[in-house]
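As structure tokens, the structure follows; a few thoughts come after it.
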Amino acid sequence: MEEPSLHLVKVFVTVAEHQSFAKAAQRLNMTPSAISRLVKKLELQVDMLLINRTTRAMSLTDAGQRYFTDCSAALEQLHIAYERMRDEQNQPRGTLRVSTSLSFGRLHVAPHLSAFMMHYPKLRIDLLMTDRYVDIVAEHVAVAIRIGRLPDSSLVARKLLNNRRILVAAPNYLQQRGIPETLKELQWHECLVSTASHDGDNWRLFGPEGETLFRPKGRMRADNSDAVKQFCLDGQGIAFHSAATMADAISLGQLVQVLPQWTGRETGVYSVYPPGPVGPAARALVEFLSHRWQQEPCLQSAIIR
């Protein structure tokens, strides 16, 4: 039996992945008839039928399925070997897709990207800023900057900053409505709710009496952190928000912490990567941001520590 060439194996795997000769041809920039001939050549070389063909559909035979599983795994290992070799060049290149939340990204990620890009002329940045949950595997994100408690998963995470959610309000709001001194008094205040948070309708607070669930009431809600922060700056009420997101406004005196004895649980700001080796571009960006954040006094303040 003649050992098939790597080219024939790649063609077969592409057909099996797309379940279509036409789509495989498009992917490989070939004609469907050329793809069909190459698959047939492979079948002759291995002396085995790999694909059942009809005029309307195709499917893998049992032998074809086994061969596809083995070959796709082998090609993936070859791809990993290539990526590692490229990484050893220690020169980030290609497109780096980055995900972060709206407010934190606007304040602490986007302002540093121009300086970062000056160091890596072969790199392109694709920044995704949103408060919705981003599936970094499905959306091909190389690194996500996430705030809060991370759920258990197969993703790789690294803690970059300490953080917790805190209660904050603008000084003018507190002058008009008074400063709450207990959670009971908080019930009589306008609360600004972020519906992007999984616990937006119930604030989970930790303090002298242990854990308490507080149900906020107020006239203003929003599905992103920037809007809630703006409501708070405008004196519309009290927000329960990430200290890392509110740190700049607190350092400028635009917001003040309310009921400091009651906060969210200790969490953090994390870099999160898909499973597998971390690419040099993602690694370089996280190291760059970490260094920059160490120079931002508001992010190193006591409210975040």
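The values are calculated or read from the model by the stated rules, or taken from the named source; none is laboratory data. As the structure is a computational prediction, the values presented were derived from the model and not from experiment. In this analysis, Cβ positions are derived from the backbone assuming ideal geometry, glycine residues included, and neighbour counts consider all displayed protein chains. Calculation scope for accessible area: heavy atoms of the full protein, side chains included, ligands and nucleic acids excluded. Shrake-Rupley method; radii C 1.70, N 1.55, O 1.52, S 1.80 Å.
Per-residue accessible area for His189 at 1.4 Å probe radius, Å² rounded to 10?
Near enough 20 Å² of accessible area.
Using just the helices of the chain, give the 222 nm mean residue ellipticity in deg cm²/dmol: DSSP H runs with n ≥ 4 each add -39,500 (n - 2.57), and the total is spread over all residues, rounded to 500.
Computed mean residue ellipticity for the chain: -11500 deg cm²/dmol.
Between Leu150 and His291, with labels modelled 7 Å along Cα→Cβ, what's the label distance in nm to one decimal, could you check?
Using points 7 Å along Cα→Cβ, the separation is 2.3 nm.
What does the extension gain come out to for Arg56 and His79, with contour length at 0.36 nm per residue minus their alpha carbon separation?
Values: separation 23, 0.36 × 23 = 8.28 nm, distance 3.28 nm.
My answer for the length gained is 5.0 nm.
Under a 10 Å cutoff between Cα atoms, tell me which one of Thr55, Thr182, Thr100 has the largest fluctuation in the Gaussian network model of the chain.
It is Thr55.
Determine, from the Cβ-Cβ distance of Glu185 and Arg221 and an R0 of 22 Å, the FRET efficiency 1/(1 + (r/R0)^6), rounded to the nearest 0.05.
On the way: r = 21 Å, r/R0 = 0.98.
My answer for the efficiency is 0.55.
Counting only protein heavy atoms and using a 1.4 Å probe, what share of the accessible area of the chain belongs to carbon plus sulfur, as a whole percent?
Here carbon and sulfur together make up 51 percent of the probe-accessible area.
Just the number please: accessible area per residue for segment 64-181, 1.4 Å probe, all protein chains included, in Å². Could the numbers behind the result be given before it?
Working: 6840 Å² over 118 residues.
With all protein chains present, segment 64-181 gives 58 Å² per residue.
Suppose accessible area is computed on protein heavy atoms with a 1.4 Å probe; arrange Phe104, Phe206 from highest to lowest.
Phe206, Phe104
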